[in-house]
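Right, one structure below, let's go through it.
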Amino acid sequence: MLSRVADSLYWMSRYVERAENTARMLDVTMSMMIDTGGIAPDTRWLRLVHALGRPTELEWNGNADAMAHRLIFEAFNRSSITNCIDSARENARQVREEISSEQWQRLNRLYHQIHSLEAQQLFEVNISDVLTMVLDGIYLFDGVSDGTMIRRQGCQFMRLGRYLERAYATATILEVHQKELFDSYMDEAANELSISNQPELVGLLRSCTSFEAYCHVYTAEITPGRVLEFLLLNSEFPHSIHYCIDGIRSAIEAVQLTGGRQAPEQLTAGIGRLHAMLGYSTIEEILRGDTLNFLNSIRKQCLQIHELIYRNYVHYSIQSALAG
Amino acid sequence: MAINTPAELKSIFGEYPLDDAFDEMRSENGDVRDHYRALAQTLARLPESELQRHKQAADLSFLTQGITFTVYGRNEGTERIFPYDMLPRLITATEWERIERGLTQRITALNLFLRDIYSDAKILNDKIIPRELIYSCKHYRRQMRGLQVPRNVYIGVVGSDLLRLNNGEFVVLEDNLRVPSGVSYMLTNRKVMKRTFPQLFNSYGVRPIDHYPQLLLQTLRSLAPEGRPEPNIVLLTPGYFNSAYFEHTYLARQMGIDLVEGRDLVTHDNVVYMRTTHGLKRVDVIYRRVDDDFSDPLVFRSDSALGCAGLFNAYRAGNVTVTNAFGTGLADDKAVYAYVPRMIRYYLNEDPVLPNVETFLLGEEKERKHVLANLGKLVVKAVGESGGYGMLIGPHSTAEQRDEFALRIEANPRNYIAQPTLDFSRAPCLFGNQLEPRHVDLRPYVLYGDKINIVPGGLTRVALEKGSLVVNSSQGGGSKDTWVLE
C-alpha cells in the first residue's frame, strides 16, 4: 500500500473518531448544564474545552447555545465537528480508490448534511438532534466500513488511527476529571461515596459511551475507583484504554503479517510496554501512586507510538528502504 | 419511409425551432428520424413527473458519490456536479462504422507523425509540413529526439472531438493527444441512463462501453517495458485539487491500480519506485494525467512540485513507460492540425475518412489578411490552448474584443488559427418536461496499445445555454450519454 494512502486512511479514521468524541462529549455537557445545582456552566464548558485538548478559540461567552453552535459548525475552528468531518472527507477524497464506494458515500453524505441548511434548522429546534445526526452518520460509516472494506493494510491503518485517537482522548478526559474525582479518593478511606459526585461520574461514563457497559460489569453502583478501573484497564470494552492499546498492537502485527515493513524494535517495545502497563497494573496501585502522572504517561506514549508509526511506514528514508 | 410526427409526440416539443443546423432527432421537415422514434414515443408516454424524479435521484446520487468537478477560484461550493442531460444521443451503426474507421486511420497517422518528427523527420525533409511550424510549437519536446518508446506508441489514450455539420457529415474539430479527460462521465452517465430507461435501452440494442477500464488496463499493460511480465501499473495524478481528480480515482479503482502523486515516487539509478508501507516498490508503467511541463522538475518546469525528479531519465533509460509520451502535444497543436489530412496521405497513402474543419493559418500572409478582414465571421483560437480558453467567437464578439485579437494576431501570428463559425449539429435536451435543441459535439476515446481500440460511443458534450456554441465543462457545458446502436 502506498505510504501516503496509509497516512490518509489513518487520519481519516482519526478525524471520524474525533468528531464522534466531540459530538458525544458536547451532548453530555449540554444535557448536564440543564440540570439544576451542581457545577456552573462556565466551569463545565472549561472542562469540555480541556477534554478536547484545550483549543484556544472557544472561550466561554455566557451563552451555552452559541458556544455549542461554534463547536459544531465553525468550519475554520480546528476542533469543531464540522472541521473534523471536513478533514476526514478530505483525506477520504485523496484515497477514493482505496476505500469502498459505500464508505465514501456515507462520509460524503455526512459532509453534505452538516453543511446543509437543514442542520442549521435542526439546531434551532434541538441541539441534541444535530449531534444525534452526526453520531448516526458516523455509526453508519463505521458499519459499512466493517461490512465492505477489504481486510488488508488499509483497514489496519484505519484501526490504528481510531484506537490511538480514542486512547488519547480517553486519557485526556480522565486527566481533566482526575483532581475532583480520583485524587482525594484514597484519602477519604475509600468507602464514603460522595453522593454529589454521582452525576459527574455518570456524565464521565456517558462521555465515553460506557455507562451501560459499566453497569453490566459493576451494576449501577458507581464509585470513582471502579469508573477509573473500567475506563483504563478493562480488556473487553472497546472504549477502555487497555482495549485500544490491544487493538493497536494487533493492527501493527497484522500490518507486518501482510508484508509491511518490519516494525522497529522501538515501536513494538513501546506498544508492548504500554500494553503491559495497562494489563498488569491494579487500580489500587494506580490510585495509591501518582494518578495524574500515570494518565499523563499514557498520553505521552500514545504520541510516541504515533510518531514511530509515521516514521516507519510513511516518512522513511530511501536509504533505509533500499538497504532493507 | 418518414412518418409524420404523431399527435402525441407534438406535446413533448417545446420551443423547438429548426434551422440550418443538422438536428440529431428531427429531419428538415420536422419529422422524428427513424432511429429516434422509439425514444420519442417513450418520452411522450412517460408521466411528466417521472423524468424529473429520475433526474433528481440521479443528481443526488452524483453528489453523494462525489462525481463532481472543481470550479477554480472560489472558496465555498467549489465542487459541482457535472451537468448532464437525461436524453441519450443516438448514433446509428453505419454512422459509427465510419467514425471508427476514420479515427483509426487518423490516430495511426498521428502516431506515425510523432515517431517521424522525433526521429528522422522525413515529413519535414519532404517539405510536406514547414519545418518552422514544428520547431516553433510550444509543445515540441527536444528531449524526445531519438528516444525509443515501447511499440513505437506515443499516444496510448486519445480523445478526438468530432462535430456534425449541416450535411450530416462528421468532421474532426481537434485531437486531444496530451491528457484527454471526461471518460469517467461517459461511464457514469451510462450507469444512470441504464437505470432511467431500462426497457428502451434493451430494445434499442445499445453497444456496451462498460469494459473501457479493462481495455485501458490491457493497453497500458501492452506498453510495459521489456522483461517486466507482471508490470506494476500506476496512474499519476496531480492531486485532489485537480478538476479531473474524480476521474483519476475512478479509473484507478476500476482498473485496480494504485493512484499515485508525484510525492509518492522516487527514482534511484534510473528506476522509478513508489513509497509503500512495504518499502519501495518498482513502477513499470505510468498512465500520466499530469502535463509534460509539470512531470519532471529536472527536465521540464523546475518550479513544479507535482512531478517526480528523475522521471524523464528513467523513461529515457527504458525502465519505465510513461503514456501518453512526452511531447505529444505537438500533434494536437491547432496549426499542425491543419496538416493532418496531408499526414494521412503521406504516411498511409489513403484519403482521410473524416475530414478536417477548414483552417486558416495566420502565419501565412494571405490567409492572415483574409482572416483579419473577416474577424466577425470566424472563430480564432490560440494554437496551444485547450478547454475553450483563448478563443474569439466572431459572431458573438464585441468590436473591442475583435480589435484586441487583431493586435494579438499581428504580434504573434504563429500562435493563432482561424476557422469558419461552424453551424454544428443540435440534439434535443430536456428542459422542464419539454425538449429544446442544443448544440452537441462528440468525443470518442481511442486506446492505442498492441492494437487500436475504440469503445462504441464517447462523451457527447452539450452547450446547455441556448444558442451557445461552447461545450467545454469549464464554460457552462454539460454532457449526455451516447448510444451507438447495433
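The values are calculated or read from the model by the stated rules, or taken from the named source; none is laboratory data. For clarity, every value in this text was computed on a predicted model and none was experimentally measured. Cβ coordinates were reconstructed from backbone atoms using ideal geometry, including for glycine residues, and neighbour counts include every protein chain displayed. Surface accessibility is based on the protein's heavy atoms, side chains included, excluding ligands, DNA and RNA. Shrake-Rupley method; radii C 1.70, N 1.55, O 1.52, S 1.80 Å.
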ask   = Just wondering, is there one or more residues in region A:130-139 that are closer than 16 Å to residue A:91 by Cβ and at pLDDT below 95?
value = no
query = Among (1) under 27 Å from residue B:389 (Cβ atoms); (2) assigned to a strand (DSSP E or B), where does residue B:465 come up short?
reply = (2)
task = Filter region A:52-104 down to the residues that are assigned to a loop (DSSP other than H, G, I, E, B) and of a type in the set (Ser, Thr, Tyr), then identify the one that is modelled with the highest pLDDT.
result = A:80
ask   = Restricting region B:164-179 to residues that are within 12 Å of the chain's Cα centre (by Cα) and open to solvent by less than 10 Å² (accessible area, probe 1.4 Å), which is farthest from residue B:324 (Cα to Cα)?
value = B:172
message = Looking at region B:450-486 only, could you name the residues that are more than 25 Å from residue B:101 (Cβ to Cβ), of a type in the set (A, V, I, L, M, F, W, C) and in contact (Cβ under 8 Å) with a residue 60 or more places away in the chain?
response = B:462, B:464, B:469, B:470
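Residues checked against (1) out of contact with any Phe, Trp or Tyr (no Cβ under 8 Å at 6 or more places or on another chain); (2) free of Cβ contacts under 8 Å to residues at least 24 places away in the same chain:
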residue: B:278; (1), (2): yes, yes
residue: B:285; (1), (2): yes, no
residue: B:291; (1), (2): yes, no
residue: B:296; (1), (2): no, yes
residue: B:302; (1), (2): yes, yes
residue: B:311; (1), (2): yes, no
residue: B:316; (1), (2): yes, no
residue: B:335; (1), (2): yes, no
residue: B:343; (1), (2): no, no
request  = Specify which of the listed residues (A:303, A:278) is surrounded by fewer than 15 Cβ atoms within 10 Å (Cβ to Cβ) and within 22 Å of the chain's Cα centre (by Cα).
outcome  = A:303
Filter pass, residue B:34 being farther than 30 Å from residue B:251 by Cα, assigned by TED's automatic domain parsing to the domain that holds residue B:92 and modelled with pLDDT of 85 or more = yes
task = With the checklist (1) open to solvent by less than 10 Å² (accessible area, probe 1.4 Å); (2) within 13 Å of chain A (Cβ to nearest Cβ); (3) within 18 Å of the chain's Cα centre (by Cα); (4) among the hydrophobic types (A, V, I, L, M, F, W, C) in hand, flag the one item residue B:216 doesn't pass.
result = (2)
query = Does residue A:320 count as surrounded by fewer than 16 Cβ atoms within 10 Å (Cβ to Cβ), among the hydroxyl-bearing types (Ser, Thr, Tyr) and within 12 Å of another protein chain (Cβ to nearest Cβ)?
reply = yes
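If we scan region A:115-124, do we find a residue that is in contact with a Leu (Cβ under 6 Å, 6 or more places away or on another chain), more than 12 Å from chain B (Cβ to nearest Cβ) and at pLDDT 95 or above?
No; the residues of region A:115-124 include none that is in contact with a Leu (Cβ under 6 Å, 6 or more places away or on another chain), more than 12 Å from chain B (Cβ to nearest Cβ) and at pLDDT 95 or above.
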request  = Name the single residue, out of those in region A:125-161 being within 14 Å of chain B (Cβ to nearest Cβ) and of a type in the set (Val, Ile, Thr), that is most open to solvent (accessible area, probe 1.4 Å).
outcome  = A:150
ask   = For region B:299-317, what are the residues that are within 14 Å of chain A (Cβ to nearest Cβ), surrounded by 19 or more Cβ atoms within 10 Å (Cβ to Cβ) and on the phi < 0 side of the Ramachandran plot?
value = B:306, B:308
note = Of the residues in region B:267-281 that are open to solvent by 10 Å² or more (accessible area, probe 1.4 Å) and among the hydroxyl-bearing types (Ser, Thr, Tyr), the one that is farthest from the other protein chains (Cβ to nearest Cβ) is B:267
query = Considering B:296, B:264, B:284, B:292, which residue is in contact with a Ser or Thr (Cβ under 9 Å, 6 or more places away or on another chain), farther than 28 Å from residue A:322 by Cβ and open to solvent by less than 20 Å² (accessible area, probe 1.4 Å)?
reply = B:292
request  = Residues being closer than 30 Å to residue B:473 by Cβ and of a type outside the set (Asp, Glu): count how many of those fall in region B:222-247.
outcome  = 15
query = Restricting attention to region B:345-362, which residues are of a type outside the set (Ser, Thr, Tyr), out of contact with any Asp or Glu (no Cβ under 8 Å at 6 or more places or on another chain) and touching a residue at least 60 places away in the same chain (Cβ under 8 Å)?
reply = B:348, B:350, B:352, B:353, B:354, B:356, B:357, B:358
request  = Check region A:231-251 and report whether any residue there is at pLDDT 95 or above and within 14 Å of another protein chain (Cβ to nearest Cβ).
outcome  = yes
query = Can you spot a residue in region B:410-418 that is closer than 30 Å to residue B:24 by Cβ and under 23 Å from the mean Cα position of the chain (by Cα)?
reply = yes
Selected residue (only one of A:309, A:286, A:298, A:271 is open to solvent by less than 90 Å² (accessible area, probe 1.4 Å) and within 11 Å of chain B (Cβ to nearest Cβ)) = A:309
message = Looking at B:205, B:239 in this structure, which one is in contact with an Asp or Glu (Cβ under 8 Å, 6 or more places away or on another chain), surrounded by fewer than 18 Cβ atoms within 10 Å (Cβ to Cβ) and outside the structural domain of residue B:471 (by TED's automatic domain parsing)?
response = B:239
task = Evaluate region B:239-249: report whether one residue or more is under 30 Å from residue A:257 (Cβ atoms), free of Cβ contacts under 8 Å to residues at least 40 places away in the same chain and within 8 Å of chain A (Cβ to nearest Cβ).
result = yes
task = Determine which member of the set B:413, B:395 is open to solvent by less than 40 Å² (accessible area, probe 1.4 Å), touching a helix residue (DSSP H, G or I) at 6+ places or on another chain (Cβ under 8 Å) and not assigned by TED's automatic domain parsing to the domain that holds residue B:197.
result = B:413
